[in-house]
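Worksheet: the structure to be examined is printed underneath.
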Amino acid sequence: MPQTFRDAKWYRSMLYVPGNKLDWVLKAPKYGADALVFDLEDAVAVTEKPGAREVVATAIKELRTGSFGRFVRLNGWRTGFLLDDLNAIVIDGLDGVTLPKTEDPEDIAALDLVLGELEKSRGLPVGRIEIIPGAETAVAMYRLYDICMASQRVKRAGVACGPTPGGDGARSLGINDATEEGIYFGAYSVLQARAAGIVHVEASMTGQLDLGSVRRINERSKRMGATWASAIHPSHIPVINEIYSPSQSEVDEAREIVSAFAEAVTRGEAAVRYKSMLIDYASIRAAMGMLKRAQAAGISVGDIPTIEVPAY
């Protein structure tokens, strides 16, 4: 079966906001994240979860016209909270949900079915709400490909540099506070996600407030295949947006490559020298991808020649 990829809106950054604090939730857009994640899980005490559902539903309604994405981190299956979460927050304006503690493909398949029923009963477009699986145990990380394949709603997955040190995933793997060692698990995560057709691979999340550390972790994650990152503090967002946006020099080079190749095509050539490189259709696919990401980030790319590129 040939490789295919799932198209989805590109978000450079996602900011987690406790779902029980309405004032925090309503002011969160000002920090500039491409998407917000209203948290009903770890950031909310058990006794406050019913009230948090009401807060999140109110926030989705009030913020539904914003250009940013609106996601909700649910409580996982087997907690007794998930169905109540969904019943409260599956409304117009919701773009996606994250499912923590995903263990196997059946978790995703079941969530897909419930979302579909709620969408139909509430007059929402069926299949539009995304699912982001949270693979936080060794078995889930091992089965990430199958988890991603369980639903076409899954469009973002993986952790490029491995689990967060000290988090549930690291504890499950037995590496606890290790930092460098997690990169091996991250590489396997990227492989599985990309094999499943997932373009948008997440970076390793950090709880560090030191912005130098945030930059180093995300730059390394990007080199390992990440296209976006989550944050738990607003100060991280400018750094994350910068790292996952194409630079002006990258945009200029991509545009020049496309222009040079377009001229070659008019001469009946499918390979041409550009500076010190020999470029062909593979180069054009990469350059066009760069320009598409730049446009998604609001960067002007100038005039781009139209080229018919053979499918991969």
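The values are calculated or read from the model by the stated rules, or taken from the named source; none is laboratory data. Not measured: the values here are computed from a predicted model. FYI the Cβ positions are ideal-geometry reconstructions off the backbone, even for glycines, and counts take in every protein chain you see. Ligands, DNA and RNA are stripped out before the accessible areas are found, and what is left, the full protein with its side chains, is counted by its heavy atoms. Shrake-Rupley method; radii C 1.70, N 1.55, O 1.52, S 1.80 Å.
Observations, loosely collected:
Okay, residues lined up against (1) surrounded by 12 or more Cβ atoms within 10 Å (Cβ to Cβ); (2) outside any helix (DSSP H, G or I); (3) acidic (D, E):
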site	(1), (2), (3)
S230	yes, yes, no
I237	yes, no, no
I240	yes, no, no
D252	yes, no, yes
E256	yes, no, yes
A260	yes, no, no
V265	yes, no, no
E269	no, yes, yes
L278	no, yes, no
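- Candidate set: the range 280-298, residues that are open to solvent by 40 Å² or more (accessible area, probe 1.4 Å) and part of a loop (DSSP other than H, G, I, E, B); chosen: the one nearest to S13 (Cα to Cα): G298
- Hits in the range 216-228 - residues which are of a type outside the set (A, V, I, L, M), in contact (Cβ under 8 Å) with a residue 60 or more places away in the chain and open to solvent by less than 10 Å² (accessible area, probe 1.4 Å): S221, W228
- Search result, residues across the range 166-186 that are under 27 Å from G69 (Cα atoms) and not acidic (D, E): G167, G169, G186
- Residue that is surrounded by the fewest Cβ atoms within 10 Å (Cβ to Cβ), among those in the range 22-33 that are touching a strand residue (DSSP E or B) at 6+ places or on another chain (Cβ under 8 Å) and among the hydrophobic types (A, V, I, L, M, F, W, C): W24
- Checking each residue in the range 34-60 for being open to solvent by 10 Å² or more (accessible area, probe 1.4 Å) and touching a residue at least 60 places away in the same chain (Cβ under 8 Å) picks out only D34.
- Selection of first residues in the range 257-279 that are within 14 Å of I307 (Cβ to Cβ) and of second residues that are assigned to a loop (DSSP other than H, G, I, E, B) and among the acidic types (D, E), restricted to Cβ pairs under 7 Å at least 6 apart or on distinct chains, gives the following pairs, ordered by first then second residue: A270/D280; A271/D280.
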